[in-house]
1. Which residues, taken from region 54-65, are of a type in the set (S, T, Y) and either within 18 Å of V82 (Cα to Cα) or modelled with pLDDT of 90 or more (or both)?
2. Report whether or not R68 is at pLDDT below 90, in a helix (DSSP H, G or I) and of a type in the set (D, E, K, R).
3. List the residue pairs whose Cβ atoms are under 9 Å apart, where the first residue sits in region 63-85 and is at positive phi, the second is β-branched (V, I, T) and not in a loop (DSSP other than H, G, I, E, B), and the two are 6 or more positions apart or on different chains.
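The values are calculated or read from the model by the stated rules, or taken from the named source; none is laboratory data. Because the structure is predicted, anything quoted here is derived from the model rather than measured. Because the Cβ atoms are built from the backbone with ideal geometry, glycine has one as well, and the counts that use them run over all protein chains shown.
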Amino acid sequence: MPLRRLITLGTALLLAVLFIAPIRSYSSAQEHLSRAKAQLAIAVDQRDTLTRQLQDATTRHSMIEQARTIGYVFPGETPYVVLTP
């Protein structure tokens, strides 16, 4: 009877040792996947923000505003420069 228990205990320990590596590997893969999903979510948010900024920047009003900040004027307008003392 003790031999049977010893064999059962040895088999159980062997199986436990054999399953440790795959379980660690699976756990590591799950952590890597969760980090990759988080990075993807950040990238998607950045893409959406940049897309909105591009759409806003290509409106006529925005283009006129940007052109005026660098000194462009419409034909027929007189540009004035105000100097502060």
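1. T59, S62
2. Answer is yes for this residue.
3. From residues that are at positive phi, there are no pairs.
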